[in-house]
Amino acid sequence: MPPARTMFEKVWDDHVVADLGQDTCLIHIDRHFLHELSGTMSFKELDDPPRPVRHPELTFATLDHVIETLPGRGYTTRIPGGDGFISGLREGTRKHGLRLFDLEHPYQGIVHVVSPELGIALPGTTLVCGDSHTCTVGGVGALAWGIGSTEGGHVLATQTLLLTRPQTMRVNFEGTLPTHVSAKDLVLHLIGRISADGGNGYAVEYAGSAVRALGVEGRLTLCNMGIEFSARMTFVAPDDTTLSYLAGRPFAPKGRAWEQAAAYWRALPSDRGARFDREVRIDCSGLAPQVTWGTSPEQETGVDGHVPDPARAADPVARQGMERALSYMGLQPGQALAGLPIEGAFIGSCTNSRLDDLRAAAAVLKGGRVPAGVKAICTPGSTQVKRAAEAEGIDRIFRAAGFEWRESGCSFCMSGGVKGEGFGVQQRVVSTTNRNFEGRQGPGVRSHLASPVTVAASALAGRIADVRHLRA
Amino acid sequence: MERFTSLTGVAAPLMRHNVDTDAIIPGRELMKVSKTGFAEGLFANWRYSDGERKEDPGFLLNRSPYRQAVILLAGHNFACGSSREVAAWALRDFGIRCVIAPSYGHIFHANCFRNGMLPVTLPIAQVEAIAAQVEQSGGQQPVTVDLESCTVTAPDGQRFPFTLADLHRTALLEGLDAISSTLRHADRIAAYQARDRARRPWVYDVPAG
């Protein structure tokens, strides 16, 4: 009998081009995605000396980071200096013969929404992109992680990366999720419980009955915040749910190739008895919807919870961090989170902008109205998601509730307050995004991370709300 | 790539946990198709008050001698978050070529080695001990980081050894270009792909979409 291996070990072993000693390997990269912000810089690595792209067919590109999300947008942006990134990606992909899902292309969207939706991310593949949330596509069983733009140039030129082997962790989410509790709540709770540094150095496999019960879109959300857990990568082993999701997607294998791929994928899950360097078990059956109170994703609690007291932190550095977070967020120790008045609500980003997210939010919003003084925005994750949502009438529900219904892009999650693509100074915002960092959604903006239904319920209430107590 | 061998100078003790790359350089400061010229945007949200370029005298790097810092001391999970390589470029442009912390965001850690920068990993107690000595001297006492011997020398002369994979160490010491180094293995890449294509043809035969 061969030794029992984890899924990570199987995939890693199948990607070793050269073992260079001390746990450092040259690893093959199967899929590479570029966007305008980092992709444009990656092309610079091919200029001097001039180098070709080794496998143009394995790299894909789209526009998402710098382009605007307002209807009627174009190839220019009000972000000062942003135009050069848009033109840089378009010119670079043309020069090197790479596929680009350009602004008007029906496949345009946020990279991590697009790559599983199109069947570009596949189980057991390695996939990288110059964006930290690349770990999202671990939701279909890919080993995926974010890289810098110089590393992106290395992938373009060599189709490989030099990597040290991570340790392995398995997080078992067990039990049945209560109504209104979703993948976003699971991952926020995990980070809150273990810490924002908890996954550091690990390839993290999410498993357990609660994960098996999630659809692929929920698994993508779960894996999306792997980087907020500081994991090297996060993934869910492929199963029937994964295969039915991928079958027929434009860039997924077809015919005999599909049969070969499916046989390979079926053998990927961790063997019984495989050993992990760390295992964590989380019981989900009593979990409340989660919301962050601070400026690190670990600073979170149940929506029925209270702001903790920094005085109770043992480590002085951690205490000062909490004090700074409370000062930035304009909160006091002991304050209840539910009921805090908000000025903004955002549904979008690579975390929570897929069709299931929009459907869940729409079910809460239906028939309701966001009060005056709350700026509410929805940016669907991709042009395909947007069109599918519109075909179901979801856009009409959002609009009727007072939400702006925009085009797909990263926008309110990363533009940092550029005019028309951010919130105002010291505004309190409930957001389906992944980062409550200082200034992430605009200078001084106070972001509370939560699930789509919590954001929808809060938008209607004009304050942070417990969706479980919403009228039926 | 610029070599890194040894560095002696002012160390700035930014002893906070989970300093994210949005704090190191905010999104709006990234908009330059360039790998240099980001010093002014470094820690912009903390360095300047009210969104103007007016320095906040309370922030560490606005005070002497930390303005001249070449080393940064930090808490757990330094440079977590976004993959923006500008975080490394902004530190380097400011003059900081070495960070000493107990752990790092993994993307920043990898980016350092592509930019002639050294991320030293030491246990938190050792980073705090070095930071305390630096603070005691008002930042005047220098810290030395030597990559040949893989040691950090604190102001009082105490030496702390650190480890680093040989591959990273050699690349920094010799200023190697990573793509050129990897292309020396071009035959192994080709051999791997031939083997792998037989096992996983579906990886290489991408449908037209």
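Applying the selection to the range B:1-36, what residues are at pLDDT below 95, aliphatic (A, V, I, L, M) and in a helix (DSSP H, G or I)?
The answer is B:L30, and nothing else.
Just give me the residues in the range A:401-445 being in contact with a strand residue (DSSP E or B) (Cβ under 7 Å, 6 or more places away or on another chain) and either surrounded by fewer than 24 Cβ atoms within 10 Å (Cβ to Cβ) or among the aromatic types (F, W, Y) (or both), in sequence order.
Those that are in contact with a strand residue (DSSP E or B) (Cβ under 7 Å, 6 or more places away or on another chain) and either surrounded by fewer than 24 Cβ atoms within 10 Å (Cβ to Cβ) or among the aromatic types (F, W, Y) (or both): A:G402, A:F403, A:E404, A:W405, A:R406, A:F412, A:F423, A:Q426, A:Q427, A:R428, A:F437.
Hey, among the residues in the range A:242-288 that are in a helix (DSSP H, G or I), hydrophobic (A, V, I, L, M, F, W, C) and within 24 Å of the chain's Cα centre (by Cα), which one's farthest from the other protein chains (Cβ to nearest Cβ)?
First, pick out the residues of the range A:242-288 that are in a helix (DSSP H, G or I): A:242-246, A:255-266.
Now drop any that are not hydrophobic (A, V, I, L, M, F, W, C), which leaves A:243, A:246, A:257-258, A:261-263, A:265.
After this cut, where a residue has to be within 24 Å of the chain's Cα centre (by Cα) as well, the list is A:243, A:246, A:265.
Details: A:L243: 13, A:L246: 11, A:W265: 10 Å.
Filtering the range A:242-288 for residues that are in a helix (DSSP H, G or I), hydrophobic (A, V, I, L, M, F, W, C) and within 24 Å of the chain's Cα centre (by Cα), the one farthest from the other protein chains (Cβ to nearest Cβ) comes out as A:L243.
Of the residues in the range A:446-472, how many are in a loop (DSSP other than H, G, I, E, B) and modelled with pLDDT of 95 or more?
Step one: filter the range A:446-472 for residues in a loop (DSSP other than H, G, I, E, B), giving A:450-451, A:462, A:464-466, A:470-472.
With the extra rule that they be modelled with pLDDT of 95 or more, the set shrinks to A:450-451, A:462, A:464-466.
Of the residues in that region, 6 qualify.
Kindly provide the set of residues from the range A:289-324 that are assigned to a loop (DSSP other than H, G, I, E, B), over 21 Å from the mean Cα position of the chain (by Cα) and within 25 Å of A:T454 (Cβ to Cβ), ordered by number.
First, the residues of the range A:289-324 that are assigned to a loop (DSSP other than H, G, I, E, B): A:289, A:293-299, A:303-305, A:307-309, A:313-315.
Then keep just the ones that are over 21 Å from the mean Cα position of the chain (by Cα); that gives A:303-305, A:307-309, A:313-315.
Those that are assigned to a loop (DSSP other than H, G, I, E, B), over 21 Å from the mean Cα position of the chain (by Cα) and within 25 Å of A:T454 (Cβ to Cβ): A:V303, A:D304, A:G305, A:V307, A:P308, A:D309.
Just to be sure before I move on: is B:A88 of a type outside the set (F, W, Y), within 14 Å of B:M1 (Cβ to Cβ), free of Cβ contacts under 8 Å to residues at least 60 places away in the same chain and not in a loop (DSSP other than H, G, I, E, B) in the structure I sent? Quick ask: steps written out before the conclusion?
Working: of a type outside the set (F, W, Y): yes; within 14 Å of B:M1 (Cβ to Cβ): yes; free of Cβ contacts under 8 Å to residues at least 60 places away in the same chain: yes; not in a loop (DSSP other than H, G, I, E, B): yes.
Here the answer is yes, as B:A88 does meet what is asked.
Can you pull out every residue in the range A:197-217 that is of a type in the set (G, A, S) and either surrounded by fewer than 24 Cβ atoms within 10 Å (Cβ to Cβ) or in a strand (DSSP E or B) (or both)?
Of all residues in the range A:197-217, those of a type in the set (G, A, S) come to A:198-199, A:201, A:203, A:207-210, A:213, A:215.
If the condition is that a residue be of a type in the set (G, A, S) and either surrounded by fewer than 24 Cβ atoms within 10 Å (Cβ to Cβ) or in a strand (DSSP E or B) (or both), then A:G198, A:G201, A:A203, A:A207, A:G208, A:S209, A:A213, A:G215 are the ones that fit.
Could you go through the range B:176-196 and let me know if any residue there is surrounded by 13 or more Cβ atoms within 10 Å (Cβ to Cβ), more than 7 Å from chain A (Cβ to nearest Cβ) and either part of a loop (DSSP other than H, G, I, E, B) or in contact with a Lys or Arg (Cβ under 6 Å, 6 or more places away or on another chain) (or both).
yes
I'd like to check which strands (runs of 3 or more DSSP E) are fully inside the range A:91-175 and have at least 1 residues that are under 14 Å from the mean Cα position of the chain (by Cα) and facing chain B (nearest Cβ under 8 Å). Show your work before the answer.
Details: elements: A:99-101, A:126-129, A:143-146, A:160-164, A:167-174.
Of the strands (runs of 3 or more DSSP E) lying wholly inside the range A:91-175, those with at least 1 residues that are under 14 Å from the mean Cα position of the chain (by Cα) and facing chain B (nearest Cβ under 8 Å) span A:143-146.
Taking B:S83, is it facing chain A (nearest Cβ under 10 Å) and under 22 Å from A:V445 (Cα atoms)?
Numbers: facing chain A (nearest Cβ under 10 Å): yes; under 22 Å from A:V445 (Cα atoms): yes.
Taking the combined requirement at face value, the residue satisfies it.
Look at B:Q136 and say whether it is at the interface with another protein chain (Cβ under 8 Å from one of its Cβ atoms) and either buried (at least 17 other Cβ atoms within 10 Å of the Cβ) or without any contact (Cβ under 8 Å) to a residue 24 or more places away in the chain (or both).
Working: at the interface with another protein chain (Cβ under 8 Å from one of its Cβ atoms): no; either buried (at least 17 other Cβ atoms within 10 Å of the Cβ) or without any contact (Cβ under 8 Å) to a residue 24 or more places away in the chain (or both): yes.
No, not satisfied.
The values are calculated or read from the model by the stated rules, or taken from the named source; none is laboratory data. Only a predicted model underlies this, so the values are computations on that prediction, with no experimental measurement involved. No Cβ is skipped: glycine too gets one built from the backbone with ideal geometry, and neighbour counts run over all protein chains shown.
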